[in-house]
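One structure is given here, and the rest of the page talks about it.
The values are calculated or read from the model by the stated rules, or taken from the named source; none is laboratory data. Owing to the predicted nature of the structure, the values given are computational and were not obtained by experimental measurement. Glycine gets a Cβ as well: all are built from the backbone with ideal geometry, and neighbour counts include every protein chain shown.
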Amino acid sequence: MTSPGPEVVPESRGLNDLAQEIHDTALDHGWWVEDEWREFGTMLALIHSEVSEALEADREHGKVAWHKPGEKPEGVPSELADVIIRVLDLTAAYGIDIESAVLEKMAYNDTRAHKHGGKAY
Ligand SMILES: [Mg+2]
């Protein structure tokens with residue numbers, strides 16, 4: 001017996017492709033227009049605000065996700081998704097190859113000492 005599985009399986013994409021798709025959506029919704037270019041520092045602050053929203057969601061509800069039909073997704077998973085979406089929007093807007101940067105950093109991290117040489121956290 002086989003499981004029917006999901007009707008539509010999302011196509012797997014690389015991180016840079018995902019970043020460009022996220023940025024294209026932002027452009028379609030009126031962000032990043034020429035006379036309202038988004039400053040790098042402002043975008044970093046907005047990324048931080050999403051991290052804070054994840055913290056508050058966890059404090060109030062734990063790590064659950066929920067949404068009412070037709071309304072926006074809520075909870076820690078959704079706020080963490082906002083963090084990733086904002087980071088990828090920023091990298092696409094500023095021409096940062098985040099996919100290579102992540103892979104490079106992962107390879108470097110693999111070479112690091114146990115707890116990075118004795119750090120407490
Ligand atoms: Mg949010």
For the stretch 36-74 the number of residues that are closer than 14 Å to ILE85 by Cα, in contact with a Leu (Cβ under 9 Å, 6 or more places away or on another chain) and more than 10 Å from the ligand (Cβ to nearest atom) is 3
Condition set of a type in the set (A, V, I, L, M, F, W, C) and in contact with a helix residue (DSSP H, G or I) (Cβ under 8 Å, 6 or more places away or on another chain), scope the stretch 34-55, selection surrounded by the most Cβ atoms within 10 Å (Cβ to Cβ): answer is ALA54
Expected single match for in contact (Cβ under 8 Å) with a residue 40 or more places away in the chain, among the acidic types (Asp, Glu) and on the phi < 0 side of the Ramachandran plot among GLU99, GLU104 is GLU99
Evaluate the following for LEU27: is it part of a helix (DSSP H, G or I), away from the ligand (no atom under 14 Å from the Cβ), of a type in the set (A, V, I, L, M) and in contact (Cβ under 8 Å) with a residue 60 or more places away in the chain? no
Residues of the stretch 58-84 being in a helix (DSSP H, G or I) and not acidic (Asp, Glu), in sequence order, are ARG59, HIS61, VAL76, PRO77, SER78, LEU80, ALA81, VAL83, ILE84
Open item on the list: TYR121 - would you say it is away from the ligand (no atom under 13 Å from the Cβ) and in contact with a Phe, Trp or Tyr (Cβ under 9 Å, 6 or more places away or on another chain)?
Closed with: no
Of the residues in the stretch 56-71, those that are surrounded by fewer than 17 Cβ atoms within 10 Å (Cβ to Cβ), touching a strand residue (DSSP E or B) at 6+ places or on another chain (Cβ under 6 Å) and within 26 Å of MET43 (Cβ to Cβ) come to ALA65, HIS67
Among VAL83, VAL87, VAL64, the single one that is of a type outside the set (S, T, N, Q) and either farther than 23 Å from GLU21 by Cβ or at pLDDT below 95 (or both) is VAL64
Can you find a residue that is of a type outside the set (A, V, I, L, M, F, W, C), within 14 Å of LEU44 (Cα to Cα) and within 15 Å of the ligand (Cβ to nearest atom) anywhere in the stretch 89-110? yes
Of the candidates GLU53, GLU74, the one satisfying the condition of being in contact with a strand residue (DSSP E or B) (Cβ under 7 Å, 6 or more places away or on another chain), more than 18 Å from ALA26 (Cα to Cα) and either modelled with pLDDT under 95 or acidic (Asp, Glu) (or both) is GLU74
